[in-house]
Each structure stands twice: as structure tokens, then as C-alpha cells.
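The values are calculated or read from the model by the stated rules, or taken from the named source; none is laboratory data. No experiment lies behind these values; they were computed from the predicted model shown. Cβ coordinates were reconstructed from backbone atoms using ideal geometry, including for glycine residues, and neighbour counts include every protein chain displayed. Protein only, heavy atoms only, side chains kept; ligands, DNA and RNA dropped before computing areas. Shrake-Rupley method; radii C 1.70, N 1.55, O 1.52, S 1.80 Å.
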Amino acid sequence: MEDKKQESGSQPKKAITRRSFLRGAGLSTAGSVLLTTNAFAIDYNEYPVAGEEFGPDAITIKMKVNGITKSLSVEPRTTLASALRDHLELTGTKVVCDRGSCSACTVYLDGEPVNSCMLSVFDVGEKEVTTIEGIAKDGELHPVQQAFIEHDASQCGYCTPGMVMSCVHLVDNNTNPNLEDVKKATRGNLCRCGTHPHVFKATLDASKKTI
Amino acid sequence: MDTRKDKFPHGIPGHNLSEIEREIPIEEPPAWPVNDKLKVIGKRVTRIDALDKVTGKAKFTSDMKLPGMLYAKMLRSKVPHANITSIDISKAKSLAGVHAIHLIENVQKEGEENKGGKYPQVKYAGQPLGGVAAESLEIAKDAIKLIEVNYQNKPFIIDMEKAMEIGAPIVFDVPIAQQEDGGDVGEVHDGSKGKGNVRGPSTSSFFGGPRGDLAKGFEEADLVVEKTYRTQVHTHMPLETHGVVVDWRADVMTVYASTQNTANVRNEMANVFNLPKSKVRVVCEYMGGGFGAKHSAGSFGPMAATLAKKSGRPVWLMLDRQEEHISEGNRPSSIQYLKIGAKKDGSLTGIQQRSHGTAGVGLGAGVGRIAQVLYPCPNFATEQYDVLTNAGPGAAWRAPGNVQGAFGLEQAIDELAEKLNKDPLKYRDLIDKSEVRKVERQRGAALFDWSRRQPAGSGKGTVKKGLGVGQSTWPRFVTLDSSVEVKIHKGGGVEIRSSVQDIGTGTKTVLAQVVAEEMGLEVKDIKVNIGDTFFPVGPGSGGSVVTGSITPPTRNATYEAKKELLKLVAKKWEKDSSELFIKDGQVGHKTDANLKMSFKEATKLMRTSQISKTASRSDDYGGFQQPWGLAFGDLGSVQFAEVSVNTDTGFIKVDKIVAAHSCGRPLNIGQLESQIHGGVIQGVSYALYENRVMDNGTGHMMNANVDQYKVPFSMEIPEIETVIVEEYSARSSTDAYGIGEPANIATAAAIANAVYNAIGVRIHEIPITPSSILKALNKVS
């Protein structure tokens with residue numbers, strides 16, 4: 001808490017750090033975050049910076065997602081997953097366990113996979129977010145996506161975006177992965193339909209096509 | 001009756017394929033040849049909705065966002081057994097952003113418990129009590145925390161064996177009705193019979209009741225195996241939780257539902273709100289898994305609709321992970337006593353089965369029919385009891401009851417084989433009369449290399465290998481209330497419509513394949529519009545009924561539509577329409593090769609914008625075993641398991657599974673493999689990992705999350721090979737069936753048999769954990 005300076009003019013008694021929000025400790029008196037004209041939103045419209053304190057009311061922040069800088073009005077307790085799904089309507093990112101143990105919400109922050117359900121949207125800062133919607137470029141599928149289609153690597157499809165994110169990251173960073181590498185890359189991805197064998201096959205096949 | 005005779009392929013290619021003549025209704029299409037001679041049926045056709053899934057564009061119910069939509073959260077009981085004296089919602093009501101609160105009130109019925117109470121009695125921790133709709137999910141959650149519920153606690157019981165004791169706290173003082181969630185098929189569990197928490201027994205199925213004379217059977221036996229097997233409660237944990245988005249407008253209530261049964265959800269919602277079925281529309285375009293638990297609107301459906309009505313806004317109500325584990329279904333536990341007698345020659349003389357299981361506050365904890373029907377045996381009796389406990393209700397789970405039943409039966413058969421000094425596979429050749437399982441044993445054993453199996457516990461070293469086998473049967477169920485509409489649009493375009501939903505099994509794709517094959521088009525030419533109750537009613541996705549129920553009317557409607565189109569072409573060509581055909585998108589003539597017209601041109605001859613044909617499932621050729629839709633034949637399967645067991649640490653790894661299956665005429669090989677993988681992996685999980693842990697002291701589930709509820713992730717996935725045996729029985733215009741249940745039945749039994757083969761000590765209880773291995777080896781007490 002020491003590293004957070006209190007903003008003058010804010011409501012000191014109500015102010016709650018983003019971390020305590022993520023612990024679920026906060027009770028909000030904030031109003032709607034859904035309405036486009038949000039009376040409670042403070043016009044901030046900057047990338048949040050570490051060390052500042054916000055909340056509990058919504059403020060407008062900037063975030064770069066799939067190459068486009070977006071403005072969104074969010075309460076500090078908002079996770080990145082919720083910001084993507086509920087505010088930017090990028091619903092390919094799924095929330096399954098909501099506590100970092102299933103990887104369905106995997107997105108990249110500056111190219112590195114993270115669980116977006118475990119990250120405050122305020123912690124994104126100037127880092128660029130890539131979601132499943134940003135993997136195909138100019139309508140062209142990534143070889144992993146193409147291989148997922150060819151090898152029937154999705155069933156119900158709910159874990160698929162997270163699986164694709166894990167496998168794309170592997171294939172983009174390892175030109176010659178083996179089965180063990182694919183298993184390691186997807187070891188955090190929960191799938192209940194049992195797509196794993198076809199996910200493994202598809203990813204190995206895709207890696208051959210990306211060399 | 002107008003019938004004709006037609007010859008159909010019959011039997012198993014590479015084994016006993018022949019032809020059979022059937023007398024069929026005159027309007028049925030001609031017989032399809034075996035898959036080898038078809039263009040898109042039986043091939044690896046890519047899933048038609050895969051592109052949406054891999055790009056994140058597939059919109060699931062949980063992804064819905066309607067203008068003005070509110071988010072809802074359920075209020076749930078914090079205690080397992082209580083009367084509610086009061087609920088104070090005043091603080092929640094005044095929270096900014098809250099739009100509606102609804103509390104579930106007691107529907108007072110004569111003869112029921114607590115008939116004077118304002119609120120229903122609480123029977124398990126997590127039971128729904130009410131709900132809040134607010135402008136964000138966070139506000140709804142905050143509001144729930146502000147609601148004060150006063151409980152008058154009652155004694156409760158969680159542990160099943162303690163619940164069976166005299167003097168145990170009683171869960172229900174009154175008879176309870178059979179649980180009907182649309183997912184189970186044919187089991188009768190009567191909650192009005194029995195004493196205390198022990199209800200039943202159920203002693204019969206649609207295959208009949210007890211047969212022969214058990215005492216005589218065991219008298220004739222030279223050998224007897226008598227054992228008790230135990231299985232745990234486990235929860236479905238579909239990735240997308242149960243839930244709905246309800247948009248209730250003046251003339252229609254639209255329910256976007258994560259369901260495996262749109263028609264059933266519509267019926268339930270229409271019933272609860274006293275609306276005509278025509279004014280309730282249930283839509284499910286994509287849904288994130290169900291495995292049997294998602295046939296019903298539950299209490300969340302009516303709750304969302306009530307909140308939508310109160311607030312005048314659409315309401316989103318998806319459960320969270322914890323609620324999903326606690327309230328929305330599980331596979332009940334079992335304690336099964338099994339006694340099997342055999343003569344020295346191996347023939348079975350008697351099977352006696354007695355089971356107790358708990359589906360919490362629900363019924364349906366039987367062990368299925370597998371002991372009754374898998375192997376012919378003249379003397380058989382079963383008693384299956386439900387034990388009520390203060391825990392969340394069970395629900396149908398892939399092959400309800402039979403997975404538990406197979407775990408016991410298939411181990412007992414192995415134990416018998418060992419006593420007879422016979423190889424377990426050869427012993428099954430002797431006692432199993434199924435032709436398809438015979439072929440599966442042969443082909444599976446060859447692929448698996450069963451011949452390398454060594455005597456039990458004979459391996460050297462710390463890590464011991466074991467091989468095992470398990471078999472299963474599942475009835476061929478047909479839902480007769482299965483209808484589709486096929487449309488040809490003027491200027492091209494073919495569409496199929498039905499309320500049937502695709503729960504991830506690939507139903508959309510096989511429907512497109514069937515239409516494409518019959519219409520002489522490509523799969524990409526077919527638009528599949530399903531999962532909407534404004535279309536003809538299709539079956540629920542349960543009991544492996546979908547493929548066998550909906551693909552024959554799909555083909556038949558396509559055939560009718562095609563005939564109508566060909567009549568138009570025939571008129572233009574001045575030919576008889578029966579001489580015309582469509583192949584590769586071209587209309588042609590059987591004898592005059594010069595006559596050709598593209599499908600698209602042909603559709604321009606239509607006077608109206610569309611040709612529309614609706615068809616419903618007709619009776620099987622030659623009828624059913626039971627007129628309600630129990631078809632002849634079964635879905636037989638054989639699975640082989642290879643395990644490694646570390647005898648120092650107790651660590652078990654399933655190295656390989658070979659799964660040999662049949663589903664009549666296979667429609668899509670890739671999708672079948674996928675579904676078999678899923679059944680096997682869930683079987684591995686059932687055998688080794690997952691387990692609902694309840695706290696007997698508080699009545700709460702202790703691992704209602706993903707991190708502590710252990711299921712296999714990629715590192716635990718064995719190598720899986722599938723053998724798909726084509727089996728033609730000439731019973732419908734597609735002769736195809738599903739694979740959902742069969743894929744999951746035998747796995748745990750095969751693994752248990754393999755573990756025995758590895759360590760030489762039999763473990764009669766799942767999950768088989770390192771601890772149970774070490775206990776079995778007397779390495780820990």
C-alpha cells in the first residue's frame with residue numbers, strides 16, 4: 001500500500017486498491033458500467049500507471065487490443081477477462097474457473113500468454129493485448145487454427161480459444177516441437193470433451209507447416 | 001399398407017457382410033450401399049462450425065449480450081438442512097444498480113413437507129433460494145451478500161453409509177417423485193418405496209425383471225465370485241456452466257440456453273409460466289458441454305425469466321464454477337454387491353446384483369442394465385436402491401448407471417476368468433454372444449497386441465506394467481418425436497432446420513453430410529440451422545439417441561424434396577422423374593447422358609421460392625424391440641487399457657487405451673474419434689482422479705473448483721487408438737447410431753483390470769489413487 005499515492009480530491013474512505021478488489025473485498029456503490037454514458041465514470045482516458053490509486057468508481061482507460069487502441073470505462077475491480085468480454089465484446093476469451101486454473105481465458109500480453117481472469121485490467125498498462133480474435137491476420141488463419149479444423153481438434157469449442165492460444169504460442173516460438181512440448185504447452189488447458197489427442201496432432205502438424 | 005421390398009447391406013464388412021431384404025414403407029428412399037461406395041458419408045468431413053470455434057467467433061449462451069441486459073446471480077443456501085424463518089432483502093434492494101430481486105416461495109401442495117412455510121425447506125447446501133438482477137454481475141454478487149437469511153437448522157446427513165443406518169437424520173419425511181430430467185432412459189426409480197433414506201429397490205428395466213431361479217443357478221455353479229465394488233460421486237464440470245439469457249417480450253419469451261435439449265427447456269418454461277409452447281422460443285447455437293446434465297431449465301431458467309419479467313429487461317444468468325459443481329448434477333456413487341456363478345466350462349449360471357447409491361436429494365442412483373444384458377445368463381436378479389443424502393442432486397451422465405455397473409461386472413468377469421484359469425479375452429469369446437464385440441475383440445487385440453500380457457503381478461522392477469480389457473453394451477434408443485424440415489431455395493441453396501442441438505458432438509456436420517449425400521451436393525452447400533424450437537422438434541442430446549433418431553428423417557425429407565425438384569426437370573425434359581438423379585451438383589438422366597442441368601439451374605424451374613419438406617422419424621424397418629423406440633441390436637464396445645504402476649510411490653499412469661466401437665453405419669470418422677477420445681478420457685478421469693469431496697461436518701463440497709477437483713490435463717492423457725467397426729443392420733434409411741454413451745462405459749473397468757494385472761492385487765474401489773495402490777500392496781496402513 002505504501003507505493004500508492006492517494007489522489008487529492010478522490011474519496012479517501014471509499015478508495016480501494018485494485019488488488020483488494022481482486023481479492024473480492026470491495027463493496028461497490030458505483031453505478032452502471034454497462035451504460036455507454038456512464039455518469040460515475042471519471043474521465044481519465046490514459047493508460048493506468050503503477051503507483052496510482054483508483055476507485056471504486058469506474059474510470060475511462062486506454063488499452064491496446066489486437067492492434068487497436070480502445071477506450072473503455074471500467075471499475076478498478078474489473079479483470080482483463082471481464083474487460084474483454086463484457087466491455088469490448090471480445091467473447092472468444094472464455095471464463096471457466098475464474099481463478100487461474102483452466103487457461104480458457106488465455107490472452108497474450110506483449111506476446112506472452114497470461115490468464116486474463118487473474119489480471120486486473122489496470123495492470124495491463126501500455127502492454128499490447130492479443131486475444132483469440134487477433135490470431136488470424138487479414139482473414140488468414142494461423143496454421144494452428146487451420147490444423148485444428150483439419151484434425152477435428154474442437155468438440156464443444158469452449159476450451160478451443162485457450163487451446164489455440166497455447167498452441168500458437170508454442171508453434172511461433174519453437175520451430176520443431178515434439179509431442180512432449182505440445183503437452184507442456186497445453187498442460188494448463190482444461191478440456192472436458194477430450195479434444196487433447198486431436199489438439200496434439202493438429203499442433204504437431206501445424207508446426208511442420210510453419211517451418 | 002403401401003410397402004416395397006429392398007435389399008440392404010447387412011453385417012460387418014471384412015467379417016460377415018451380406019445382404020438382407022426388408023419390406024419398407026414405399027416412401028422411404030432406396031438403400032444406401034456400404035460407406036466405401038458413398039461420397040461424403042463415413043468420411044473425415046471437417047466440422048462445419050470449426051472455423052467459428054478456432055477464431056473465437058462462436059457465440060455461446062454465456063457470450064450473449066442484449067441491449068439493456070441485466071446480469072443475475074442466484075441466492076443459495078449456506079446450510080444443508082433447515083427451515084427458513086425469514087429472508088431480509090431490504091439492504092440488497094437499496095443497492096444502486098439492483099433492478100429486481102426474486103425469492104423462491106413454497107408451492108403449497110397437499111401431503112408435502114413444510115406445507116405451511118413461506119419458503120421451501122432447505123435440503124442441501126447450495127440449494128437455490130432466490131436471485132438478483134443488476135446492472136453488472138459484480139453488483140448482483142454484492143446484492144446477494146447483503147441478503148440476510150435466517151435458518152432454523154435441522155440435523156443433516158452427508159455420508160451415504162451413515163444415511164442408511166437406523167436413526168440417521170431423515171432427508172425427506174415423505175415419498176419423493178421420480179426425478180425426470182430427460183437424460184436418463186428407461187430406469188424406474190421409485191422414491192415412495194423403502195424406509196428412511198433408503199428408497200427402492202428398482203428390480204426391473206425395459207429388458208424385463210428378474211429371470212430364472214438364482215438359488216438354483218448358484219447351486220449349479222462350480223465357481224462363485226462374490227465381491228463388493230465402490231464408485232465415487234463425480235460432477236460433470238462442463239466448461240460452460242448451466243445458464244440462460246432470457247428476453248421476455250410481450251408476444252414471445254426467448255430463452256438462449258446452454259442446453260442439450262432445447263425442446264425440453266421450452267416445454268419446462270412453457271409449463272412453469274403457463275404459456276403456450278408457441279410463445280416460448282429456446283435457442284442454442286453453441287453450447288459448452290453437458291455430458292447429460294443439461295436437459296432441463298433447472299431453477300435458473302425460471303429465475304432468469306421471473307427477473308426479466310420483474311425488471312422489464314433481458315436477463316443473463318450463468319452459474320459460476322462452484323454453483324455448477326454443487327447444484328447442477330453429478331454421477332451418483334455406488335456400492336455394488338455382485339455374485340456371479342459359473343460352471344467349470346465357464347458358462348454363467350447366476351448373476352445377483354444389489355446396489356446402493358446416492359444422488360443426493362435426487363433419485364436415479366442405480367447401476368444400470370449392464371449386468372442384466374451384457375452376457376446371457378439364465379438366472380438373474382438385481383435390487384438397486386437409492387439412498388437420500390443432504391447433497392446436490394445427481395443428473396444423467398453419459399450412460400447413466402451403466403458406467404458404475406460396468407466397473408463392477410467387468411472386474412467380476414475377470415476374477416471369474418482367473419479362477420477358471422482362462423485368459424480374460426478368451427473367456428469373453430466364450431460367454432459373449434455379440435458378433436460385433438467378437439470383431440472388436442479381434443481387431444482391438446491385434447492393434448493393442450494383447451498377446452504380450454503377462455500373468456498378474458509378474459512384472460519385475462518398481463514400475464509394473466499391466467494390461468486389461470473391459471466391455472460394454474448400450475441400447476439403440478430412438479426418439480420417435482424427431483423431426484426436420486429440408487428446404488431447397490429457388491436459385492440454389494439447401495437448408496435443414498430442426499430444434500435438435502449440437503452439443504459438441506458434431507450433429508450439425510453429420511446432418512449436412514446426410515443432406516449432401518442424398519442431394520448429390522457438397523457439404524459446404526448445405527446450411528444447417530438447428531438448436532431453435534421455432535423449427536421442427538428434434539431429440540434431446542442424451543442416451544446416444546440423436547444420430548439414430550434425426551438422420552433418417554433428415555435423409556427422408558431430403559429425398560422428398562429432391563423428388564419434387566426432379567419432377568420439374570423431368571417435365572422440362574419430357575422424361576419420367578424416376579430416371580433422373582443428382583450427382584456432383586448436376587441433374588442427369590440414367591440412360592441419356594446428353595441430358596444435364598446444374599442443380600442451380602434446376603432450382604430456377606421452381607414456381608415458388610422454396611420446396612419445403614418436413615419428415616419425422618419413422619419406425620425402424622422390421623419394427624422395434626419396444627414400440628417406444630428401443631431398437632433391435634446394441635452398441636457394443638471393447639476397450640483395452642495399458643497402465644504403469646509405481647509400486648514404491650503408488651503412482652499410476654494410463655499409457656494407452658485402444659477403444660473398439662460400433663455405431664451402425666459410421667457417419668464421420670474424425671468426429672467419432674473425437675467423441676471416443678472424450679469418453680475414454682472421462683473414463684480415465686473417473687478411474688483415477690476425480691472425486692467430489694464433501695465435508696460431513698458442514699455439508700459443503702470442499703473441492704467445488706477446477707484446481708482441487710482433479711481431472712486429467714494434457715500430461716495425464718494416454719495414447720488413444722480407436723477401432724471403428726462398421727455394422728449394418730438395415731433398420732433405417734441411414735442405419736446410423738450415436739457413440740456418446742458407449743465411449744465412456746468400459747474405460748474404468750478396463751483400467752481397474754489392468755491395474756490388477758500390473759500389481760497382482762485387485763482394487764475394488766475408484767478412484768484408484770496412489771494411496772489405494774500402496775494400501776493394496778500393504779505398504780501403508
Quiz item: Ignoring ligands, DNA and RNA, how do B:Glu135, B:Glu560 rank by accessible area with a 1.4 Å probe, largest first?
Solution: B:Glu560, B:Glu135
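Treating the beta-carbon of each Lys and Arg as +1 and of each Asp and Glu as -1, no other charges, what is the dipole magnitude of the protein assembly as shown about its Cα centre, to the nearest 20 debye?
In debye, rounded to 20, the protein assembly as shown gives about 280.
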Exercise. Answer rounded, prolate or oblate for chain B, using the Cα gyration tensor with square roots of eigenvalues a ≥ b ≥ c: rounded when a/c is under 1.5, else prolate when a/b is larger than b/c, else oblate.
Key: oblate
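Treating only the Cβ of Lys, Arg, Asp and Glu as charged (+1, +1, -1, -1), what charge dipole size does chain B show about its Cα centre? Round to the nearest 20 debye.
With Lys and Arg at +1 and Asp and Glu at -1, about 1020 debye.
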Quiz item: Near B:Ile526, within a Cβ-to-Cβ distance under 15 Å, what is the net charge of the other residues, with Lys and Arg +1 and Asp and Glu -1?
Solution: +3
Quiz item: Which aspartates and glutamates have a Cα less than 17 Å from the Cα of B:Lys43, not counting those fewer than 8 places away in the same chain?
Solution: A:Glu150, A:Asp152, B:Glu517, B:Glu518, B:Glu522, B:Asp525, B:Asp584, B:Glu673, B:Glu726, B:Glu727, B:Asp735
Quiz prompt | Label point distance in nm, B:Thr85-B:Lys279, each placed 7 Å from Cα along Cα→Cβ | solution = 4.2 nm
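Considering only the other residues whose Cβ falls under 10 Å of the Cβ of B:Ser483, what net charge follows from Lys and Arg at +1 and Asp and Glu at -1?
Net charge in that neighbourhood comes out at 0.
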Practice problem: Find how much the distance from B:Arg230 to B:Thr203 grows on full extension, using 0.36 nm per residue of separation minus their present alpha carbon separation; answer in nm with one decimal. | Solution: 7.8 nm
Self-check item: DSSP bridge pairs, region B:387-543: antiparallel proportion in percent, nearest 5
Solution: 45 percent
Quiz item: Roughly how much of B:Lys710 is accessible, in Å² to the nearest 10, using a 1.4 Å probe?
Solution: 80 Å²
Practice problem: Mind checking the full-extension length gain between B:Asn271 and B:Ile26? Use 0.36 nm per residue of separation minus the Cα-Cα distance, one decimal, nm. | Solution: 84.3 nm
Self-check item: About the Cα centre, charge dipole magnitude for region A:143-210 (Lys/Arg +1, Asp/Glu -1 at Cβ), debye
Solution: 140 debye
Quiz item: How many percent of DSSP beta bridges within chain B run antiparallel, rounded to 5?
Solution: 80 percent
Quiz prompt | 14 Å beta-carbon shell around B:Val280, net charge (K/R +1, D/E -1) | solution = +2
Quiz item: Shape call for region B:480-563 from the C-alpha gyration tensor, a ≥ b ≥ c root eigenvalues: rounded (a/c under 1.5), prolate (a/b greater than b/c) or oblate?
Solution: prolate
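Nearest 5 is fine: what % of DSSP beta bridges in the protein assembly as shown come out antiparallel, could you say?
80 percent
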Practice problem: Kindly provide the helix-only [θ] at 222 nm of the protein assembly as shown, computed as the sum of -39,500 (n - 2.57) over DSSP H runs of four or more divided by all residues, to the nearest 500 deg cm²/dmol? | Solution: -7000 deg cm²/dmol
Quiz item: If you stretched the chain out fully between B:Val761 and B:Asn16, how much longer would it get, using 0.36 nm times the residue separation minus the C-alpha to C-alpha distance?
Solution: 264.2 nm
Quiz item: So how exposed is B:Ile170, as accessible area in Å² (1.4 Å probe, rounded to 10)?
Solution: 70 Å²
Quiz prompt | Global geometry of region B:443-490, whether rounded, prolate or oblate, following the gyration tensor of its Cα atoms and the 1.5 cut on a/c | solution = prolate
Self-check item: Accessible-area value, A:Thr93, 1.4 Å probe, nucleic acids and ligands omitted, Å²
Solution: 0 Å²
Practice problem: Mind ranking B:Arg211, A:Arg99, B:Arg476, B:Arg249 by accessible surface for me, highest first, 1.4 Å probe? | Solution: B:Arg249, A:Arg99, B:Arg211, B:Arg476
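From the protein chains alone at 1.4 Å, what is the descending order of accessible area for B:Arg199, B:Arg354, largest first?
Largest accessible area first, the residues go B:Arg354, B:Arg199.
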